[in-house]
1. Separation between the V166 and S123 pseudo-spin-labels, each 7 Å from Cα along Cα→Cβ, expressed in nm?
2. If one takes the longest principal axis of the Cα atoms in the chain, at what angle in degrees, from 0 to 90 and to the nearest 10, does the Cα axis of helix 62-73 lie?
3. Along the positive direction of the dipole of the chain (beta-carbon charges: Lys, Arg +1; Asp, Glu -1; about the Cα centre), which of M43, V67, P108 reaches farthest?
4. Going by Cα centres, the range 291-333 and the range 141-187 are how many Å apart?
5. What accessible area per residue comes out for the chain, rounded to a whole number of Å², with a 1.4 Å probe?
6. Once you mark the chymotrypsin sites (Phe, Trp or Tyr not before Pro) that are in a DSSP loop and have at most 11 other Cβ atoms within 10 Å, what is the longest gap between them in the chain?
7. Return the Rg/Rh value of the range 241-304, two decimal places, where both radii are evaluated on C-alpha atoms and Rh is the Kirkwood radius.
8. After finding the eigenvalues of the alpha carbon gyration tensor for the range 177-227, what semi-axes result from the square roots of 5 times each, listed largest first in whole Å?
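The values are calculated or read from the model by the stated rules, or taken from the named source; none is laboratory data. Because the structure is predicted, anything quoted here is derived from the model rather than measured. Note: ideal-geometry Cβ built from the backbone for every residue, glycine included; neighbour counts use all protein chains shown. Just so you know, the surface numbers come from the protein's heavy atoms only, side chains and all, with ligands and any DNA or RNA stripped out. Shrake-Rupley method; radii C 1.70, N 1.55, O 1.52, S 1.80 Å.
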Amino acid sequence: MLETVRQIGYLQLDPTNVVARNHLLILWSRLGPYDRAVLDRLMWKDRALYETVSLILPTEDRPLHEVRVRAERRGEGPYKGRINAWVKKNDRLRRDILARIRREGPLPITAFEDRASHGWRSSGWTADRNVSQMLSFLLRLGHLSTGGRAGGKRVWTLSDDWLPAVRPLARGAAARHATERALRALGLATLKELRYSYAFGWFVTAAALESLVRDGTAARVKVEGFREPHFALVSALRARASDRERTTLLSPFDNLIIQRDRTEKLFGMRYRMEIYVPKHLRVRGFWAMPILHRNELIGTVDPKMDREHERLEVLRLHLERDAPRDRSTRRAIEDAVEDLAAFVGATDVTWPKGIASSYSRR
């Protein structure tokens, strides 16, 4: 499990829980059924993985990611210093949070009173959520860490008490290391795609990529039908392709498909999340999970977990026009859905009426 996170670079956190949390699904898609207690041990006992605001990362990668933390403190992050200015204006709230955790140990958000003198301004759902924003900002700035989960909610602790002290990489070393890691995670990518890599993209530079090419670590690869140069690690080009034929379902936030344009380029399937699409206009469904079948994306399954009745409901099956529709493919899709049901604790799976017509060639 740890090796999987090392390979792909991160697990993305997302509150959507239609079937299961995204980070749990990412591991399931790659490993099959697994004991969630192992992940908990890696997170909260061994501390081999740790949480940032939106990602779970290998703790051994902290010298890289600490570069960004220090940059955020200098006001160089995406908020352009707005975080630092707001935290400074609400120093009383900041000091109260840190003092209470220092005195009482790890605490949930409900333990803190809103003592902000200046509310957080936002056009979104974070407006005036001052305590949660302060906690999030202190996490982003490296002062706080997630020291556990209670009912899915973060328990906040001091970073100095939770994570080992590290020295951030120099900028040049960080760029080279991140670019190489992004290549390893993506396999084959353009510079633009490497810069979109969630865990590493902030650090990736053209200079670092050229350096990897010059010393033989990476190579330019010409991809038929595309003008822009692609790159891959030389070691990956020499590796033998896996002959394992496995069918699984991917979370909409899965690392493999999170760059939608790249997904379409690699697999020929146009995929977009339809959470914000009006129900009557949805084609694939609210939580449509792409079907990865024999290294191809052949369609989507839109499932929903009915936790009260321990039932996984398949609301929609959408197959691509060129997807195979033979009996073995149908069985493979059904097996993948049943495996998902078992993983999330469902004792029953229901399919919409007339689902057989979805397998007929249109």
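1. Calculated label separation equals 3.6 nm.
2. 60
3. So the residue furthest toward the plus end is V67.
4. Between the Cα centres of the range 291-333 and the range 141-187 lies a distance of 35 Å.
5. Averaged over the residues of the chain, the accessible area is 52 Å².
6. Free of exposed loop sites, the longest segment is 1-124.
7. 0.98
8. Ellipsoid half-lengths, sorted descending, are 16, 14, 9 Å.
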